[in-house]
Amino acid sequence: MLDREFIVSNRELVEKSATAKKCKVNFEHLFKVINRRKELINSLNSLREEKNKNSSQVSKTRKDGGDISPLLEKGKEISNKIKEEEEELKRIEEEEFNLLKWIPNILDEEVPSGENSNFKIVKEFGKFEEKKLSYFEIIKSDEGIDFKRGAKISGSHFPLYLGKAAYLERVLVNFMLDLHIVKHNYKEIFPPFLVNYDSLFSTGQLPKLEEDMYRLKDDDLFLIPTAEVPVTNIFRDEILNENELPKKFVAYSACFRREAGSYGKDTKGLKRLHQFNKVELVRFTKPEESKKAHLEMLEEAQRVLVLLGLSYRVILLPDFDTSFSSSKTYDIEVWAEGSKEFLEVSSVSNFLDFQARRGKIRYKSREGKNLFIHKKKFIFSPNFCFFNYRMCKKKF
RNA sequence: GGAGAGGUGGCCGAGUGGUCGAAGGCGGCGGAUUGCUAAUCCGUUGUAGUGGUAAUACCGCUACCCCGGGUUCAAAUCCCGGCCUCUCCGCCA
């Protein structure tokens, strides 16, 4: 979420970003609501002042043996007026919140505009060879992934890993965790896989992506689409000390996505799964360290691929592909030799203070001011490493 | 699932209708004292909104004692609903 005052004073930038991300926002109406809210708050403040004064007058007058009945009358009047205005303020604030929550994060100035170009290739690493065998054939054995039985047990897009495939998945997860814990100094987190509405709201999945989420209706909980959600919410509604920052977390979790509306797209094999494993990194930093931290994470993410001996490229996503909450996103795409294509294994995003504001994640600066934390994350999906011929061959 | 207890400031803990943003203690900060450390003494110490204003300085006002409603001129305090925590019993892993 963006700050009310920020939107007012940076209207052009905010509108431009919203348009690029194809989010429709009625800014005219929003500004009217913002102004009315201010009016009401000012009016209520003075009414309450009057109320408080009148009330203490009652006890004084009574002590002195005076007649309090006119004061009681007056108090009642003021209270009624307050009630009226409070009701309007509540409506206005709800309306304002409903408008604000649909405004996407602002885009970094470096993000390419989708009108002329698509993504921008930032880096290419390794050789992009082609092999005849597709990943799909390699993993279809009794030491591979059994999609049929996975579908029987749960439904399509729930893969069942057998033998060496299960082993490979597990060691990849461990490898990524260990690398970031030991070499990059992240703290390991093992989070809950079910979360509540507020947690998903603060990371921005809700309300926009509600139909993509698995929901447990009886308990009003959601299966996490990524470990980003519980990890980001560790400090929701908290105020940290400046010297506690930066916070660096790495978490493995299974991820659950309904992938509603994506039927027909990438329906085969390991793409677009309903359940998959992922190692997620999250950093909370001060605003002034935000950009640097983001680039550091981009390096850390690439290290995984370099150590695994995989070829990849790094791209900077264009505006229309940058997610609702993100300001700037790099994707790392591994080269899949069998299917001869680039596949997204990692996504490194800078959210600035967008999620922090939604979740009220703050820190106290030395000057005593509470500031919203900047957050960035990157993800790494081990299952996509299966796509690479060399990796599969090595392990099978 | 059944029964009970409880949620107050950074922490502990008092407070059952007005003078309570809230006693007291601890911690933090500033200072005094001090061979060092410790101890002692004095002062200070929440957050947000809004107005005065150029101000993250200062002053005023408002809100906040888990959350949301209600009663009342007046609510931390009374009433209703919710959430959370703890203890005991049962059940399952």
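The values are calculated or read from the model by the stated rules, or taken from the named source; none is laboratory data. On a predicted model such as this, the values are computed, not experimentally measured, just so you know. Quick reminder, even Gly has a Cβ in these numbers, built from the backbone with ideal geometry, and neighbours come from all protein chains shown. Accessible surface areas use protein heavy atoms only, side chains included; no ligands, DNA or RNA. Shrake-Rupley method; radii C 1.70, N 1.55, O 1.52, S 1.80 Å.
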Query raised in the report: Can you pull out the strands (runs of 3 or more DSSP E) entirely within segment A:168-256 that have at least 2 residues that are modelled with pLDDT under 85?
Result: A:238-241
**Report entry** Residue list for segment A:46-73, filter: more than 8 Å from RNA strand B (Cβ to nearest atom), of a type outside the set (S, T, N, Q) and open to solvent by less than 60 Å² (accessible area, probe 1.4 Å)
**Finding:** A:47, A:66
Query raised in the report: Restricting attention to segment A:74-88, which residues are within 10 Å of RNA strand B (Cβ to nearest atom) and either open to solvent by 100 Å² or more (accessible area, probe 1.4 Å) or not basic (Lys, Arg) (or both)?
Result: A:75, A:76, A:77, A:78, A:79, A:80, A:82, A:83, A:86, A:87
Requested in this report: Considering each of A:111, A:58 in turn, give the residue that is touching an Asp or Glu at 6+ places or on another chain (Cβ under 6 Å) and not assigned by TED's automatic domain parsing to the domain that holds residue A:331.
Outcome: A:111
Requested in this report: Filter segment A:93-106 for residues that are within 13 Å of RNA strand B (Cβ to nearest atom) and surrounded by 14 or more Cβ atoms within 10 Å (Cβ to Cβ) and give the result.
Outcome: A:93, A:96
**Report entry** Single residue of A:384, A:351 found to be modelled with pLDDT under 75, in contact with a strand residue (DSSP E or B) (Cβ under 7 Å, 6 or more places away or on another chain) and of a type outside the set (A, V, I, L, M)
**Finding:** A:384
Query raised in the report: If you take the residues of segment A:323-353 that are of a type in the set (Gly, Ala, Ser) and open to solvent by 10 Å² or more (accessible area, probe 1.4 Å), which of them is nearest to residue A:279 (Cα to Cα)?
Result: A:347
Query - Which numbered condition residue A:43 fails, given (1) near RNA strand B (Cβ under 7 Å from one of its atoms); (2) at pLDDT 90 or above; (3) hydroxyl-bearing (Ser, Thr, Tyr) - result: (1)
Requested in this report: Out of A:140, A:123, report the one residue that is among the basic types (Lys, Arg) and at pLDDT below 85.
Outcome: A:140
